[in-house]
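The values are calculated or read from the model by the stated rules, or taken from the named source; none is laboratory data. All figures in this text were calculated on a predicted structure; none of them were measured in a lab. Cβ coordinates were reconstructed from backbone atoms using ideal geometry, including for glycine residues, and neighbour counts include every protein chain displayed. Ligands, DNA and RNA are stripped out before the accessible areas are found, and what is left, the full protein with its side chains, is counted by its heavy atoms. Shrake-Rupley method; radii C 1.70, N 1.55, O 1.52, S 1.80 Å.
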Amino acid sequence: MRLIIRDDPLAVGDYIANYIAKRINDFEPTPERPFVLGLPTGSSPIPTYKALIKLVKDGKLSFKNVITFNMDEYVGLPRDHSESYHTFMFREFFSHIDIPPSQVNILNGNAEDLIGECNKYEARIKEVGGIELFLGGIGEDGHIAFNEPGSSLASRTRIKTLAFETILANARFFNNDISQVPRMALTVGVATVLDSREVVVVVTGQRKSLALSKAIEEGVNHLASWTLSALQMHPWALIVVDEDATAELHVKTVKYFRSIESVQHEVERSQAALKAKGVLQAGAAEEQVGSME
Ligand SMILES: N[C@@H]1[C@@H](O)[C@H](O)[C@@H](COP(=O)(O)O)O[C@@H]1O
């Protein structure tokens with residue numbers, strides 16, 4: 001697992017957007033071999049979405065051959081409700097980029113057969129070859145998507161009852177009226193996220209700092225009380241945080257991850273110099289740097 005620390009949420013958004021853009025561009029997706037991207041909602045990914053939109057507008061990135069799967073959706077909230085995750089995703093992201101709407105997958109929280117809807121979602125992910133990169137955010141209790149504390153590490157896409165803390169936290173989107181916040185959601189499972197080839201999580205703000213420290217400085221327990229801790233079992237996980245989110249980390253943890261990043265920069269610089277001199281073949285430098293993760 002790698003931890004990248006940036007000054008503020010905007011710098012975090014820029015970092016993640018450039019990271020995702022590089023992954024998509026290096027993949028060279030085609031209609032036959034699309035790039036499959038998992039996406040979250042919430043306020044934390046908004047700077048990333050803004051930076052991705054800019055990359056598309058500047059002609060540096062295209063979503064024409066990208067298929068997306070969103071993490072979750074409320075149950076029973078009309079699709080066109082201002083706070084549904086459908087509305088959120090089109091308002092904040094999809095309407096501003098070149099992705100064909102037919103390549104956007106978002107769970108239908110109003111399906112007649114909710115269990116069938118969840119099973120179909122898992123099947124569709126498999127059908128397109130699995131998720132290449134899952135971008136996620138976390139709640140204050142460390143939940144990923146709506147995998148509240150206590151979610152099984154083996155969980156798949158399913159119906160989930162929301163924790164009271166999550167209902168309280170999300171009341172800000174519903175006129176601060178708890179009674180308006182849906183009590184249930186459809187969500188991808190912890191195993192759905194862990195199955196993706198790469199996971200990138202955005203964590204910003206001091207209110208997430210306890211969850212971050214529990215998830216990376218302590219162990220994974222079978223109930224995944226801090227669901228983010230499940231990432232410790234993923235072979236290719238990256239958490240990108242701002243300074244405020246590091247408030248509860250040990251100084252040595254912060255120093256450790258900062259030192260890894262600076263050594264990596266050093267390696268990248270020397271590999272680039274060798275490449276420029278023709279000593280290393282194109283591609284070899286990235287492979288060697290990648291092996292540090
Ligand atoms: N289901 C979503 C999560 O996927 C998201 O990570 C979380 C945090 O939201 P925010 O980024 O606004 O703090 O909110 C909701 O609970």
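If you plug the beta carbon distance of GLN180 and SER43 into 1/(1 + (r/R0)^6) with R0 = 22 Å, you get a FRET efficiency near 0.75. Straight-distance candidates among the lysines for linking to LYS54, with alpha-carbon spacing under 23 Å and chain neighbours fewer than 8 residues away dropped: LYS22, LYS64. For the pair segment 138-181 and segment 27-55, the centres of their Cα atoms are 23 angstrom apart. In this label model, GLU268 and SER82 are separated by 4.0 nm, measuring between points 7 Å along each Cα→Cβ vector. Taking a ≥ b ≥ c as the square roots of the Cα gyration tensor eigenvalues, with a/c under 1.5 meaning rounded and otherwise prolate when a/b beats b/c, else oblate, which class fits segment 2-249? Here segment 2-249 falls in the rounded category.
The residues packed around PRO45, meaning those with a beta-carbon under 14 Å from its beta-carbon, carry a net charge of -1 if Lys and Arg are +1 and Asp and Glu are -1. In this Cβ point-charge picture (+1 for Lys and Arg, -1 for Asp and Glu), the chain has a dipole of about 420 debye about its Cα centre. Less than 5 angstrom separates the built amide H of ASN105 from those of THR68, PHE69, ASN70, all sequence-distant by 5 or more or on a different chain. Return a whole-number percent for the relative contact order of the chain, with Cα pairs under 8 Å and 6 or more residues apart as the contact set. Relative contact order, the chain: 22 percent. Measuring only protein heavy atoms, the 1.4 Å probe finds ASP177 accessible over about 50 Å².
Split the accessible area of the chain by element, probe 1.4 Å, and carbon with sulfur accounts for 53%. Taken as Cα centroids, segment 64-103 and segment 107-132 sit 15 Å apart, rounded to the nearest whole angstrom. Annotation: amide H-H contacts under 5 Å for LEU135 (H modelled 1.01 Å from N, sequence separation of 5 or more, or interchain): GLY38, LEU39, VAL200.
Using R0 = 22 Å, the C-beta based FRET efficiency linking GLU218 and PHE164 works out to 0.40.
How much of HIS250 can a 1.4 Å solvent probe reach, expressed as accessible area in Å² and rounded to 10? The accessible area of HIS250 comes to roughly 100 Å². Accessible surface calculations at 1.4 Å, restricted to protein heavy atoms, place segment 2-249 at 42 Å² per residue.
Computed from the Cβ-Cβ distance with R0 of 25 Å, the FRET efficiency linking SER152 to GLN206 stands at 0.25.
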